[in-house]
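Reviewing the structure listed below.
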Amino acid sequence: MKNLALLLALTAILAPKAHSTVTSKSSYGFCKDRNDEKYYQDLLKKNVNHLSFSNQGGLLDAGVCWWHSRFTRNALYLGVYRPDLRKPSRERAIDIIDEIRDGDRVVTIPGYSNLREFSLDFNKEIQEELEAWQKFDGFVKQQWIVGLWGSTEKDADDLSEDMDELFEYVAIDKNVAYQKLQLPGVDAHAWLVTDIHKTSKGYDLIVHDSNFYGTRTVPYKVGMEHFRYSYLGKYVPYTERKRELRGLKKVVRRFCR
């Protein structure tokens, strides 16, 4: 009996750490909902599916907009909210935040109905994760170089072609697009494009920008050579992180098959 007790104790110690992703395929219709190609876009149009805090902090207090947008998109595609379950401890919540950042598994978020509720309770922990992510990408992966790529203006025909491609990627293929906004100097911002509509003059981009609450409409008119941000100056948007999005979709397909 003593040997059996010892064996059971060792098994418990050596067992792999349980993830917060143990969930049924039928959990709150996760797979059924995602049969609708526009599901993610419609989710992002609702403010409750945004982080409860805006872009802030980061290196030199310049913000963490890239990671704020990427975290939001990861949660959008992989989060399963279970308000019927007990809320997590702080330690468990940190594990959940890590898993959302990793983006390689479906993540159950117990005790909450949406990302806004979860991030209201754990805004400090999420902000710390975004800043750690920024430092890792910047210093280890040298991703700061990405902020140097691209111009703040383009030939009008080239920008028009980019907008046509964005329309196909978002409106036709139903993707939530991550875009880097190349600003003057070495600075670059980011936002998520959740929809795009044709107009008589060009397109209207429906974006979720971490500097603002909710979504807003950004017009593009054929003939423009750049956009202009209200207080940051002219910029050109570049659609990036497509491979990252393909990875999120692959996780969902694997989970739901």
Using label points projected 7 Å from each Cα along Cα→Cβ, tell me how many nm separate E153 and R246, to one decimal.
3.5
Simple Cβ-charge dipole of region 147-241, Lys/Arg +1 and Asp/Glu -1, about Cα centre, in debye nearest 20:
420
Scan region 79-180 for GluC sites (Glu not before Pro) in coil per DSSP, keeping those whose Cβ has at most 10 other Cβ atoms within 10 Å, and list them by number.
none
Summed side-chain charge close to L192 - residues other than L192 whose Cβ falls under 14 Å, Lys, Arg +1, Asp, Glu -1:
+4
tail above 21 Å in the computed P(r) of region 89-210, as % of all Cα-Cα pairs, reads 56
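Rule-based calculations on the coordinates, nothing more; no lab input. Every value quoted in this text rests on a predicted model; they were computed, and no experiment measured them. Counting neighbours? That spans all protein chains shown, and the Cβs are built from the backbone with ideal geometry, glycine included.
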